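The values are calculated or read from the model by the stated rules, or taken from the named source; none is laboratory data. Computed from a predicted structure; not experimentally measured. All Cβ positions, even for glycine, are placed from backbone atoms using ideal geometry, and neighbour counts span all protein chains on display.
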Amino acid sequence: MIEAKATAKGVRTSAQKAGLVLELIRGKAVNQALATLQFTRKTVAHDIAKVLRSAVANVQLRDGFGGDIDRLFVSAAFANQGTSMKRVRPAPMGRAFRVVKRTAHLTVQVSERPLKIARVTADGDAPASTPARAPKTAGSKATRGAKKTAAARA
C-alpha cells in the first residue's frame, strides 16, 4: 500500500480551528475531499487544500504507484500546535494585555486503497456467492412481550 504525507508549518491559524476542517476530510477520497474543502467557508480550508494537493503529488512521485488518483484517500489529517507569537496590546491606566497569535502545523497523509481481488478456487472458478441471511425482524417491545406472554399461557 503506497502512502505519502505533506506538512505545512507555521500556518497562521490555531490548531483547534484547523482541526475542525481536517475532521471533514479525514477518510474521504481525494477528489471528494478537495470538493469539500472548496465549498467550506473557513479561511484555513484553502491552506489545507494546498497541503492535500502536495500530498497527492508526493504519492505520484513514489515508486510502485499505480497512477489511479481515484483510489487515493485521506488516511490521516491532523493539526499540531506551532509557535505562538506573543504581542502586547496597551490597556487603560498604563496596563498591558498580552495577545497570543497562534500558528499550526497541518499534516495530511494520503494512501492508496487496495484492489479487491476475487478469490479463485482449486477448480479455477470463482466461488459461488453464499446466500445472504435474511435480516432479523425484532418487532416492537410490545409485540415481543405479547408473544412471550402468549407462549407462557399455552
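Results, tabulated for the structure shown:
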{"item": "Complete set of residues in region 51-106 that are among the β-branched types (Val, Ile, Thr), more than 21 Å from Val21 (Cα to Cα) and crowded, with 16+ Cβ neighbours inside 10 Å", "result": "Val59"}
{"item": "Selected residue [assigned to a helix (DSSP H, G or I) and either modelled with pLDDT under 95 or basic (Lys, Arg) (or both)] from Asp70, Asp63", "result": "Asp70"}
{"item": "Scope region 9-35; condition crowded, with 16+ Cβ neighbours inside 10 Å and polar (S, T, N, Q); matching residues", "result": "Thr13, Ser14"}
{"item": "Positions within region 84-128 being within 25 Å of the chain's Cα centre (by Cα), modelled with pLDDT of 95 or more and assigned to a loop (DSSP other than H, G, I, E, B), in sequence order", "result": "Arg102, Thr103"}
{"item": "Matching option when the condition is in a loop (DSSP other than H, G, I, E, B), under 25 Å from Arg102 (Cβ atoms) and at pLDDT 95 or above, among Thr40, Thr7, Thr36", "result": "Thr40"}
{"item": "Per-region count, region 37-50, residues surrounded by 17 or more Cβ atoms within 10 Å (Cβ to Cβ) and more than 17 Å from Ala6 (Cα to Cα)", "result": "1"}
{"item": "Residue match in region 14-28 (condition: under 17 Å from Thr83 (Cβ atoms), part of a helix (DSSP H, G or I), touching a helix residue (DSSP H, G or I) at 6+ places or on another chain (Cβ under 8 Å) and at pLDDT 95 or above)", "result": "yes"}
